[in-house]
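One structure below.
Laboratory data are not the source of any read-out in this text; all were calculated from the coordinates shown. As the structure is a computational prediction, the values presented were derived from the model and not from experiment. Cβ atoms come from the backbone with ideal geometry, glycine included; neighbour counts cover every protein chain shown.
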Amino acid sequence: MPAPPFQTTTRRLVLRRPTEADRDFHSTVHSDPRLYTHAPHVLGTPETNAEFLARILRHWDEHGFGYWVAQDRESGMPVGWVGVQRGDAYLNLYYRFVLEAQGRGLAREAGRAAVAMATEWGPDLPVRALVKEHNTASVRTALASGLARTGREVVLADDRPDEALSLVFEAPRVERVDLLDAATREDLVDLWQRVNDAGGAVGFLPGAPREDVAAVVARHEEQMAAGNAVAGALRDPDGELVGWAWWVRPENPLLHHGRWLYRLMVDPDRQGRGLGLVLMAGLHRLARQEGAELLQLSVRSGSGASRLYRQVGYVEVGRIPGAIRVGAGDDRDDVTMARRVDGGPLVAHGGD
């Protein structure tokens, strides 16, 4: 489990570990019939709510993570419950927000944070949400949190005999790649071209020839063969490649505790669902397993990519104005950003 506390903040929320002091709020949320219109028979009672909270607190004690209390960052008021807990060989994504907080995208914001946190620091298990098809709001939240339909259906423990099965949604996972097979190589070039043509800042301009992209892939393969690079492949539950990036180890032995991020890309057709957060979280996990301590990357100003990196803990440590010439009269800054693998602060040596 994680070295740092399994808690985080988002743009509008604080996601924290619950305590006994949250008992009244837990009961309020899980006894509100307006939040159970799609399954009124599972509305909480004093007895079931007490047991539910006991399970939540026990899970935290046993595993060091679990469902959070979501608090509004400005007011400090609790607005919902969200997070992941162990299911049967998977991590169950749960979200339930007070009615007054709904319609603002808070569940989506918190769900994405939960999936990313679980991917980076949690057990090596898939993240899933089990949702009834007729609960359209919950389905939208699962999809907006980065999960995809798997085509599987399951019976829940509290289902009635005549009740519809629950759909299984699952988050994509990041797998380590040390060697490209022919199929993965073709899929990667296809993905890279789609990202290029959508305007992604991954080393080419839109319309780059396939053979040029394939040549750069081959150079990265040489680094992989030499043991100086490892890739992270983001795949949907059906195995489709939807994201990619490389960690490259510098040649200088004095820099071997660090890694540089290259060619981060996410399928343009799947953007806007938090998959960049999931890919970065999986890459951080991979870098930690590699023994890396310091992570660095370079980003083109004006691409918007730095927003994602700031969101996952990177800070700007250097900038060369006008170093990247995108086109005639269009010079961009080359921006360097860095983050520690453990999420701790960067501490300068301070010498000349």
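Highest mean first, the peptides 312-324, 135-147 sorted by other C-beta atoms within 10 Å per residue fall in the order 135-147, 312-324.
What angle do you read, to the nearest 10 degrees and between 0 and 90, between the alpha-carbon axis of helix 46-63 and the longest principal axis of the chain? Once rounded, the angle reads 30 degrees. Cα centroids of segment 227-264 and segment 34-78: 37 Å apart. Over segment 87-172, the fraction of Cα-Cα pairs per 10 Å bin, rounded to whole percents and listed from the shortest bin up, is 17, 49, 30, 4. Between R140 and A39, the simple spin-label model (points 7 angstrom out along Cα→Cβ) gives 2.0 nm. Seen from all directions on average, the chain presents a Cα convex hull projection of 20.7 nm². Between D334 and V154, the contour length at 0.36 nm per residue exceeds the alpha carbon distance by 59.8 nm.
Considered as an equivalent ellipsoid built on the Cα gyration tensor, segment 71-130 has semi-axes of 23, 12, 9 Å, the largest given first. The helix-based estimate of mean residue ellipticity at 222 nm for the chain, built from -39,500 (n - 2.57) per DSSP H run of four or more residues and divided by its residue count, is -9500 deg cm²/dmol to the nearest 500. 3J(HN,Hα) along segment 205-221, derived from phi through the Karplus expression 6.51 cos²θ - 1.76 cosθ + 1.60 where θ = phi - 60°, amounts to 9, x, x, 4, x, 4, 5, 5, 5, 4, 5, 5, 4, 4, 5, 5, 5 Hz, with x in place of Gly and Pro.
Treating r as the C-beta distance of D190 and E47 and R0 as 41 Å, the FRET efficiency rounds to 0.15. Here the spin labels are modelled as points 7 Å beyond Cα on the Cα-Cβ line, and at D24 and E240 they lie 4.9 nm apart. Could you grab the Rg to Rh ratio for segment 223-352? Cα atoms only, Kirkwood for Rh. My calculation of the ratio gives 0.98. With a Förster radius of 35 Å applied to the beta-carbon distance between S75 and D269, the computed FRET efficiency rounds to 0.40.
Kirkwood radius, segment 101-252, all distinct C-alpha pairs, inverse of mean reciprocal distance: 18.0 Å. Viscosity 1.002 mPa s, temperature 20 °C: give me the Stokes-Einstein translational D for segment 235-293 in µm²/s, with Rh taken as the Kirkwood radius over C-alpha pairs. Value of D from the Cα-based Kirkwood radius: 170 µm²/s. Computed from the Cβ-Cβ distance with R0 of 35 Å, the FRET efficiency linking T10 to E290 stands at 0.80.
Kirkwood analysis of the Cα pair distances in segment 1-140 returns a hydrodynamic radius of 15.3 Å.
Percent of C-alpha pairs per 5 Å bin in segment 1-50, short distances first: 4, 18, 18, 17, 16, 16, 9, 3.
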